[in-house]
Every structure is written in C-alpha cells, then in structure tokens.
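Input: a single structure, listed below in structure tokens.
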Amino acid sequence: MNIAVGGFFHESNTFNPIVTTEQDFVIFEGDAIYSQGESYLLAKGIVDYFRDSKEYRIVPLNFARAVPNGEIELDFYLRLKARFFELLAAESSIDAFVLALHGSMRVKTLGSAESDLLKSIREKYPATPIFCGLDMHATITKTMLETAQGLTGFKTAPHLDAWDTGMQAAYMADKMLRGKAELHMAAEHIPCLIAGEKAETDHSPMRELMMLTMALEAEDDLCAASIFLGFPWADAAENGVNCVVVCNSNPDKAQAYARTLADAFRASLPEFSFSAPALQPHEAILLALQDTCRPVFISDSGDNPTAGSTGDNTSMIRLLNTLPELSHSSKRILMAGIFDPQACELCKSRMGEDITLQLGGVFDRQYCKPESLGGRPLRLVEGFGPFGSDLILFSSKHFDLIITSKHIGFTGVEIFKALELDYMNLDIIVVKLGYLTEDFKAISAKHYLALSPGCSDEVLDRLHYKHQEGLLRV
C-alpha cells in the first residue's frame, strides 16, 4: 500500500506585517526526508513508522518548514501546493495521506493553508483517507474536520513530542488500512483565546489536562485525544480551542470524550496563568539587576519570533540603553537579539571599529521605532543554523547584543556557543522568547516574563482583533 507523506509547517502571525516568502523556508522533497528528517521531526515520526514495513511503501512528497513569521506569500504557497500534486501525479494510486502540518499556517488573501490543502486533496482523491499530525497551537477549521479521518497534536509545550505525534498519526492510518478500525472523529469548540505562555504542560492546569488526554488514549477503542489551543496571534474567524477525539467504531463515544475534554478545559479556565512572574519590562530589568544568581533570563515576550513576531522590536533595547540604573551597574548583560539585515551588513564591514547603528523598527513600526546604539562589532559567525543566518556580537556601553541577518528564533545555547559566549557567567540574558525552551530552562537561575509590546503581545486585549468578536481572551 502506498502512503503519501508530506508537510508544510509554519505558524503565521497576522499582526506581523512581514510577508513570509520562499527564502524564509527550508524546503526539500522526495528521498531527502531520510537525510533531512532531523529538521522536521513530525514528518520523521511518520516516515519512521512505515519505513521498515513490508506492507507499506512511502511516497515522500515535498516538505517546507520556517520559523514563525507573518503570513505566507500567496504565489509561493501555490507553487508549494502545485509541486505537492505534481509529485503525486507520478503515482498510480495512493492508499492514504499522512501529513505533517502545523495547523496555523496562513496565506495572504487565502487564509488557512491546511484547509486549502486538505480540500484540494479531497477533491482529487475523494475516497482516500487523510491523517494529520499537528502542532498543539493548530487552529482547527471546519474544513479540516470534514476532510480528514484523523487529527492528532502535540501534548507538550515546549514541544518535545513532535516525533511521537508523527508516529501517532501514522498509527491511525495503519489501523484503518489494516481493516482494524472504522475511525470516527469528533470535536468540541471552546470560544476562547489563550497564550501558550499560560498553557505550559509542566504547569497546572495544562499538565492535568494533558494527563486526561493520555488517560483517554489508554482506552482500547481510542486512537487519539488532543487539545488544540489555536493561535492567539492570528486574527482568524475560526480561531479558538478545540478538543478533538478519534475513536474506533463508535461515533457517540468520540463525541462524548471530546465533550469530556472540553468540559474539563472550561472548568480549568480560571486556573490558567503565567508560569513565570509576568512584569512590565522595566520592572523585570530592575528586579534582575537586584538578583545575585546567574544567569537570570528575561523574556521579551511581545517580540517573540517563535510566536511569529517581527524580531526587530526595539522596546527592550531602548530600556537597556537608557535606564539610569544600568549606568551604575556592573552586571554582564546579553540581549538576544534583533533581526536587522542592514545593521548586520554594516557591522560585517566595520568589525572591531566604534560605530553607531540605527537598529530595528523597520518591520514593526506600530509598537516601536528605530533605536540609535553606539558600540563595536566584536564577532561574526556566517551561515549559522538551518536558515543560514549571519550573527554579529555587538558590544555597547551597558550590554552586548546579538544581531541576525535572518528572521530566526532564539531557542537554545547553540547560538551562544557559536559566538563563543561564556553564557553561564552572564548575569542577565534578555531573550526574544515567551516560555523558556528546555535548553534555557536547564541553565536559567531565574526567569521573568516581560510583558513587552509587539506582534506577539501576551496581553491579548492590547491587540487589535477584527475577526474574533465573542471570543474570551484568557
């Protein structure tokens, strides 16, 4: 039996004016999945499930993955989609689609990429089952529910189970194709928006809710139970929380279990809160200056690239550059960092020289403005990471700053190691992030969440939604 495997993975922030294009993606196709899978673990989990089976033949299509950013350029998405079907056209038959998708990928003027892709598959392959592994922050649409036989999502935030989720999506397909299951999917929608920073799975109430999904999945006739939180930084009419259950043979039981999850979620709404102290940005900095442990992390949460923000908001840089208390401090401070290709190029041409930069505020013009910063570019790393970003370590009077040429996330210590930073002896690390990744949790002595302004503002009521009236904002 032939299993078509492909996937497009992107979390699209509609408050970010950047249009995400082909140059922002890592794209590969066909047998490259066997060598590139580590960069796309959701897809790798699907492939690994079927890889050694004698009953199944994997038909790898195309794969595209990028750091969260603004909405996708329409022409680029249409080319991706056309190539997806072009690769399919070479196959005489497909017995199932098992796809690695995000669930909150949005295309300019088109809307949900997942809805569009699944609808097109269903039109061309009306009887072929479709299964999808999705991010926990997927926005589940009516079209996705109507076209797919099974949806399953991550159960950890930070996301540590992408590979496992791919395996689970593949398991559902396997069970159906072997004739061991007549699958039924049910969903319960909860009209609310909640930031991921209030829903980490190591903390209540999300920890207990995820335990409930796993307890339900232990039932013999249940294939998947998922809580999809939606994506609060996408102004989409179908946003919100969805509890989705895939059950064998019993549609009534699927609906009952979806309702059980939804009822538990509704009952837990008053308990959702930030896992770290959430403060105004200047308060977070002042508290960190008083701390005696190191390194103290401060999340510049309003400009979090891994939530699709621009990465060039200067509000925290402005504070670090101007707060009077910093002029009397001997603390070693790192700001990680800012996305500014022009500043990066200037630094590359003036390494080791004293220069003044006009930083940021190019893309995010609503929540900040460019900041003038004097200092010296000390180190350069070219082609860092899967997206090939140049990195500059820029030393100013009160703090060091990482400048990037590409829109990338600051998610681990590899970027510090590349710049040869003695990061364990830094006093304060301000990072464009929300909740800390496992990498940063492992080294953080203390963590503050700065409620900074920006395209990924944690204070959802400060954002200007146009399509989400009636949704509770937690």
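The values are calculated or read from the model by the stated rules, or taken from the named source; none is laboratory data. If you're wondering where the values come from, they're calculated on a predicted model, not measured in any experiment. Backbone-built Cβ (ideal geometry, glycine too); neighbour counts: all protein chains shown.
Observations
- Test: residue in the stretch 85-95 that is buried (at least 21 other Cβ atoms within 10 Å of the Cβ) and among the small types (G, A, S): no
- Residue within the stretch 361-372 that is surrounded by 22 or more Cβ atoms within 10 Å (Cβ to Cβ), assigned to a strand (DSSP E or B) and not assigned by TED's automatic domain parsing to the domain that holds I18 present: no
- Within the stretch 326-341, considering residues that are modelled with pLDDT under 95 and touching a helix residue (DSSP H, G or I) at 6+ places or on another chain (Cβ under 7 Å), the one surrounded by the most Cβ atoms within 10 Å (Cβ to Cβ): L326
- Just one residue in the set V19, V67, V59 is under 15 Å from V98 (Cα atoms) and among the hydrophobic types (A, V, I, L, M, F, W, C); that residue is V59.
- Sub-7 Å Cβ pairs linking a first residue in the stretch 210-224 that is surrounded by 19 or more Cβ atoms within 10 Å (Cβ to Cβ) to a second residue that is acidic (D, E), at least 6 apart or interchain, are A224/E217, ordered by first then second residue.
- Residue match in the stretch 22-42 (condition: over 17 Å from the mean Cα position of the chain (by Cα), of a type in the set (S, T, Y) and surrounded by fewer than 21 Cβ atoms within 10 Å (Cβ to Cβ)): yes
- Flag if R318 is more than 26 Å from the chain's Cα centre (by Cα), surrounded by fewer than 18 Cβ atoms within 10 Å (Cβ to Cβ) and not aliphatic (A, V, I, L, M): no
- Residue selected from the stretch 424-443 under the condition assigned to a loop (DSSP other than H, G, I, E, B) and touching a helix residue (DSSP H, G or I) at 6+ places or on another chain (Cβ under 7 Å), by the criterion surrounded by the most Cβ atoms within 10 Å (Cβ to Cβ): K432
- Qualifying residue in the stretch 251-267 (condition: outside any helix (DSSP H, G or I), surrounded by fewer than 24 Cβ atoms within 10 Å (Cβ to Cβ), out of contact with any Phe, Trp or Tyr (no Cβ under 6 Å at 6 or more places or on another chain) and in contact (Cβ under 8 Å) with a residue 12 or more places away in the chain): no
- Residues considered: A264, A237. Of these, the only one that is at pLDDT 95 or above and of a type in the set (G, A, S) is A264.
- Given (1) assigned to a helix (DSSP H, G or I); (2) over 22 Å from F387 (Cβ atoms), index of the condition Q36 fails: (2)
- Exactly one residue among A218, A187, A199, A234 is among the small types (G, A, S) and more than 24 Å from the chain's Cα centre (by Cα), and that residue is A218.
- Residues that are outside any loop (DSSP other than H, G, I, E, B) and under 22 Å from W233 (Cβ atoms) within the stretch 147-164 comprise L151, G153, A162, listed in sequence order.
- Lone unmet requirement of (1) in contact with a Cys (Cβ under 9 Å, 6 or more places away or on another chain); (2) at pLDDT 95 or above; (3) outside any helix (DSSP H, G or I) for C243: (1)
- Being over 28 Å from T152 (Cα atoms) and either assigned by TED's automatic domain parsing to the domain that holds A169 or of a type in the set (K, R) (or both) is a description that applies to K331.
- If you filter the stretch 168-182 down to residues that are at pLDDT 95 or above and closer than 19 Å to A258 by Cα, you find that the one that is surrounded by the fewest Cβ atoms within 10 Å (Cβ to Cβ) is Q168.
- The residue of the stretch 444-465 that is surrounded by the most Cβ atoms within 10 Å (Cβ to Cβ), among those that are within 7 Å of G302 (Cβ to Cβ) and among the polar types (S, T, N, Q), is S456.
- Taken as a whole, the stretch 80-92 holds at least one residue that is in a loop (DSSP other than H, G, I, E, B), in the same structural domain as E38 (by TED's automatic domain parsing) and in contact (Cβ under 8 Å) with a residue 12 or more places away in the chain.
- The condition (being under 26 Å from N13 (Cα atoms), assigned to a helix (DSSP H, G or I) and touching a helix residue (DSSP H, G or I) at 6+ places or on another chain (Cβ under 9 Å)) is satisfied by just one residue among M136, M144, M167: M144.
- Condition check for T143 on (1) farther than 27 Å from K81 by Cα; (2) touching a Leu at 6+ places or on another chain (Cβ under 7 Å); (3) without any contact (Cβ under 8 Å) to a residue 60 or more places away in the chain: one failure, at (1).
- Test: residue in the stretch 96-108 that is touching a residue at least 24 places away in the same chain (Cβ under 8 Å), over 20 Å from G150 (Cα atoms), crowded, with 19+ Cβ neighbours inside 10 Å and touching a strand residue (DSSP E or B) at 6+ places or on another chain (Cβ under 7 Å): yes
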